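Down below is the structure, laid out as structure tokens.
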Amino acid sequence: MLNRSRRLRTSLAMRNLVAETDLRARHLIQPHFVQPQAGSTEISSMPGIVNASVEETVRQAEKDLKKGLASVLLFGVPDEAAKSPDASSCCDHAGVIPQAVRALKKAFGSDLIVMTDVCLCGYTSHGHCGLVDDEGVVQNDQTLPILAEMALRHAEAGADVAAPSDMMDGRVAAIRTLLDENGFTQTSILSYAIKHAGAYYGPFREAAHSSPKFGDRKSYQMDPRNAREGLRDALLDVEEGADMLMIKPALPNLDLIWRLREAQLAPICAYHVSSEFSSVKAADRLGWVNGDQLMYEHLIAIRRAGADMIVTYAGREAVEKGWIS
Ligand code: PBG
Ligand code: ZN
């Protein structure tokens, strides 16, 4: 037999020599849920992940940074009382996210990449990602200035990257324009370019208290039956000034990660979302799978499909448990 593929699988050293993909700490972005209350609150559907005060968030980020986990993505979990139909508290200079950004930047400076979620759903009383009219229809153009102002507040606090996840049309251009007008030309935009509607975000919404109170998100998030729709939108985001592009959820969209990689050159980020994480944890608890191994295989598949970086709740475990090379 002339060709024996198994020759290159004989030992770990040989397999390492020919490995095409790897997972490194620098590829991982750890999400944080930041609450105004002191201490931390567990999230039942996401073992190991908590809603944490600014202080706790800084403490956790410091531990992670020591292990090489150098990027965070922040989500605000404001008090119910602070929510309103127009999400006005999302633009508050003293809000929990600007506070957290200032604290993280003060503690770690340029050693830590601080990304912030830009979306209204955590701040609206109705739970939608944009303003709604009397008929309950989510309003695109009226939402844009609020998103831009929210991103500006984060940039003023020192955020490195604004990550709009709302799925309004034209938000990247609106954010880029306002940031530039205010001198924040160096603040990057990581656009959620391809984001499908559906059941994948359930545990996140428990954590962030951000479920819509009526209807669903299908008039703004994408239809999972579509691929070209997402690619088209992603290319528009680049034209509007997006520096990096996000695809989510990750595993159901490996085809899109691959196709977007081929279609253009900007860095691609995949979001291994809450239920992708939680379902591994649940199956592990039932004793049905080896959760650590399965989680690693999720992450490596996402890298192999072409993602440069991955937002994952398993980031901390990956660096602690040695899944990274
Ligand atoms: C807010 C937002 C969501 C996620 C990221 N940003 C939830 C949603 O769109 O309802 C989901 C992330 C996850 O499930 O881990 N727009
Ligand atoms: Zn939202």
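The values are calculated or read from the model by the stated rules, or taken from the named source; none is laboratory data. Just so we're clear, the structure is a prediction, and the values are computed from it rather than from any experiment. Here the Cβ is made from the backbone with ideal geometry for all residues, glycine too, and neighbour counts use every protein chain on show. Heads up: the accessible areas ignore ligands, DNA and RNA and are worked out on the full protein's heavy atoms, side chains in. Shrake-Rupley method; radii C 1.70, N 1.55, O 1.52, S 1.80 Å.
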Q: Determine the per residue accessible area of the chain with all protein chains present and a 1.4 angstrom probe, expressed in square angstrom.
A: 46
Q) Where Rh is the Kirkwood radius over the Cα pairs of segment 22-164, the temperature 25 °C and the viscosity 0.890 mPa s, what D in µm²/s does Stokes-Einstein return? A) 157
Q: Would you kindly work out the equivalent ellipsoid of segment 49-116 from its C-alpha gyration tensor and give its semi-axes, the square roots of five times the eigenvalues, largest first in whole Å?
A: 24, 12, 9
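By how many nm would the segment from residue 225 to residue 11 grow when fully extended, if each residue of separation counts as 0.36 nm and the alpha-carbon distance is taken off? Don't skip to the answer; put the middle values down first.
Values: separation 214, 0.36 × 214 = 77.04 nm, distance 4.18 nm.
Once the chain is fully extended between residue 225 and residue 11, it gains 72.9 nm.
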Q: Report ³J(HN,Hα) in whole Hz for each residue of segment 133-142, in order, from the Karplus equation J = 6.51 cos²θ - 1.76 cosθ + 1.60 where θ = phi - 60°; Gly and Pro get x.
A: 8, 4, 8, x, 8, 6, 8, 6, 5, 5
Q | Separation between Cα centres of segment 135-195 and segment 1-32, rounded to whole Å | A | 38
Q.
Taking every pair of distinct Cα atoms and averaging 1/r, then inverting, what Kirkwood hydrodynamic radius in Å comes out for segment 122-264?
A. 15.8
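Estimate the FRET efficiency between residue 125 and residue 19 by the formula 1/(1 + (r/R0)^6), using the beta-carbon distance for r and 51 Å for R0, to the nearest 0.05. Present the calculation step by step, with values, prior to reporting the outcome.
Details: r = 50 Å, r/R0 = 0.98.
That pair, residue 125 with residue 19, gives E of 0.55.
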Q) Label points 7 Å out from Cα along the Cβ direction at residue 106 and residue 81: separation in nm? A) 2.4
Q.
Counting other C-beta atoms within 10 Å, and keeping those with at most 16, which DSSP coil GluC sites (Glu not before Pro) do you find in segment 102-207?
A. 135
Q: Measure off, as a whole percent, the carbon and sulfur share of the 1.4 Å-probe accessible area of the chain, all protein chains present.
A: 51
(Q) Need one number: nm distance between label points at residue 44 and residue 133, each 7 Å from Cα along Cα→Cβ, rounded to one decimal. (A) 3.9
Q | Cross-link partners of residue 281 among lysines (Cα-Cα below 26 Å; sequence separation of 8 or more within a chain) | A | 63, 66, 67, 195, 248, 321
**Q.** Inter-site label distance for residue 320 and residue 3 at 7 Å from Cα along Cβ, in nm
**A.** 4.5
Q: Mind checking which aspartates and glutamates have their Cα closer than 19 Å to the Cα of residue 213? Skip sequence neighbours fewer than 8 apart in that chain.
A: 79, 80, 86, 133, 134, 135, 166
Q: Using only the alpha carbons of the chain, determine the length spanned along each of the three principal axes and report them from longest to shortest in whole angstroms.
A: 72, 43, 41
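Relative contact order for the chain: what is it in percent, counting Cα pairs under 8 Å that are at least 6 residues apart? Each step should come with its number before you reach the end.
On the way: 619 pairs, mean separation 60.5, N = 325.
Relative CO of the chain lands at 19 percent.
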Q. What does the helix-only formula give at 222 nm for the chain: each DSSP H stretch with n ≥ 4 adding -39500 (n - 2.57), the total divided by the residues, and the result rounded to the nearest 500 deg cm²/dmol?
A. -12000 deg cm²/dmol
